[in-house]
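Here's the structure we're looking at; comments come further down.
The values are calculated or read from the model by the stated rules, or taken from the named source; none is laboratory data. The shown structure was predicted, so the numbers you read here are calculated from the model rather than taken from an experiment. FYI the Cβ positions are ideal-geometry reconstructions off the backbone, even for glycines, and counts take in every protein chain you see.
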Amino acid sequence: MLTDQTSSASRARRSCAGLFACALLLANVCEAQTTSRAREAKPIPAGEVVVTLTEQTFNALIEALFTLPQPPTFPLGGAARGGGECPGEISLAREIAGTRTMVRFREGRVTAPVAFRGSYNAPVFGCLRFEGWADTALNLAFDPAKQALTARVEVREVHLSKVPSVFNNGVTGLVQDSLDARVNPVEILRAEQVSAQLPLKKISSGGSLRLRAREVRHEIIGAELRLRIFYEFVRED
């Protein structure tokens, strides 16, 4: 009789140990699945927003710049030297030789003739004072890290007034170096400026949701620059 009771108690202890082991295994599996689901959480598409910018919008900004006491001025890049009465710098001008600084939408591209004047100490020649205008293009691109649409100003050709043509290539390079150092890239629009403001933190628990721009597509239609901003919801634990 005692032997049967001992055997029964032993079987009960083994059963309890087995149930406990199963419970631990199940808990670990559930935790692994939860962690896996958290890691595998994918962004959820949240629709798109269309923003329209016109030539007038950009040109109004340019007009505003030239109402300032001093026009935008940048030091020349590269090996250009200046000093005293011959500063190595370039200043934007409202108009030079009949060409005005303005933005144009043409053939699916954003272009801008930019009038300027400047000076620098050129080898052998001495102080070279120049003026003219540059044919530039704005190359648009979306920067996911900054969540911003940016533009890089590219100088395609320089037209100088009252300066020997032999200096054209040199001035072109100096103008591009100055733009790269002081201007590029130009921030056109931040995606968060036009995203919906939702009370995500108030309605979520165990983390938060963020509305993020996934892609920005642009196209030129007539005198309009149309931006299609594609958003998505992402979870931040």
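Looking only at the range 162-185, count how many residues are within 16 Å of T73 (Cα to Cα) and either in contact with a Cys (Cβ under 9 Å, 6 or more places away or on another chain) or among the hydrophobic types (A, V, I, L, M, F, W, C) (or both).
Taking the range 162-185 first, the residues within 16 Å of T73 (Cα to Cα) are 171, 174-184.
Restricting the remaining residues to those that are either in contact with a Cys (Cβ under 9 Å, 6 or more places away or on another chain) or among the hydrophobic types (A, V, I, L, M, F, W, C) (or both) gives 171, 174-175, 179, 181, 183.
Here the count works out to 6.
Determine if the range 220-229 includes at least one residue that is at pLDDT 65 or above, part of a helix (DSSP H, G or I) and of a type in the set (V, I, T). First the steps, then the outcome.
Initial filter on the range 220-229 (at pLDDT 65 or above): 220-229.
In the following step, the residues that additionally are part of a helix (DSSP H, G or I) were identified as none.
There is no residue in the range 220-229 that is at pLDDT 65 or above, part of a helix (DSSP H, G or I) and of a type in the set (V, I, T).
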Tally the residues that are under 24 Å from P75 (Cβ atoms) and in contact (Cβ under 8 Å) with a residue 24 or more places away in the chain, restricting the search to the range 104-113.
-> 1
For residues in the range 56-83 being assigned to a strand (DSSP E or B) and in contact with an Asp or Glu (Cβ under 9 Å, 6 or more places away or on another chain), which is surrounded by the most Cβ atoms within 10 Å (Cβ to Cβ)?
-> F74
When both residues are 6+ apart or on different chains and their Cβ atoms are under 8 Å apart, which pairs have a first residue that lies in the range 58-74 and is without any contact (Cβ under 8 Å) to a residue 40 or more places away in the chain and closer than 16 Å to V114 by Cβ, and a second that is part of a strand (DSSP E or B) and among the charged types (D, E, K, R)?
-> T73/E89
